[in-house]
Amino acid sequence: MTITSTLIAPIVTPLLILYIGGAWVDVQVLPMMITMVKVIIVPILLGAVIQYVCKSHINTLTSISPIFSMIAIILLIAAIIAINKDKLLVSGLETLIVVGIHNILGLLTRLRCRSTA
């Protein structure tokens, strides 16, 4: 599902914006596809190569990789906040409320999915 939605995004995104917003957005498909390859295909291939080359160390790598993932996510979020600090200062309360609602809905959805499974 994720691969399919990623591959059809260059076509579906302009159509959704046209349908919802009433305006056509020109999407340059080739640059978008190149970006998707960089963001999706390269990390997957790199992970497969590392897993193949480091077969004997996979257990160690698997045990420490969540820590690296958390650090990377924290650094990315910190960078995004730093870049947008002026905008966040203006709309801080609104942003806090929207993020809170988003997280609560995600939690409730997850709890509901667990209870029905």
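Values in this text are rule-based calculations from the coordinates and carry no lab data. What you are looking at is a predicted structure, and each value in this text was computed from that prediction instead of being measured. Every residue, glycine as well, gets a Cβ built from its backbone with ideal geometry; the counts of neighbours run over all protein chains shown.
A few remarks follow.
- Descending semi-axes in Å of the chain, equivalent ellipsoid built from Cα gyration tensor: 30, 25, 19
- Projected label points at Ile11 and Thr60, each 7 Å from Cα along the beta carbon direction, are separated by 4.7 nanometres.
- One quarter of the convex hull surface built on the alpha carbon atoms of the stretch 1-59 amounts to 5.4 nm², the projected area averaged over directions.
- Cβ-Cβ distance of Cys113 and Val39, R₀ of 35 Å, FRET efficiency by 1/(1 + (r/R0)^6): the value works out to about 0.80.
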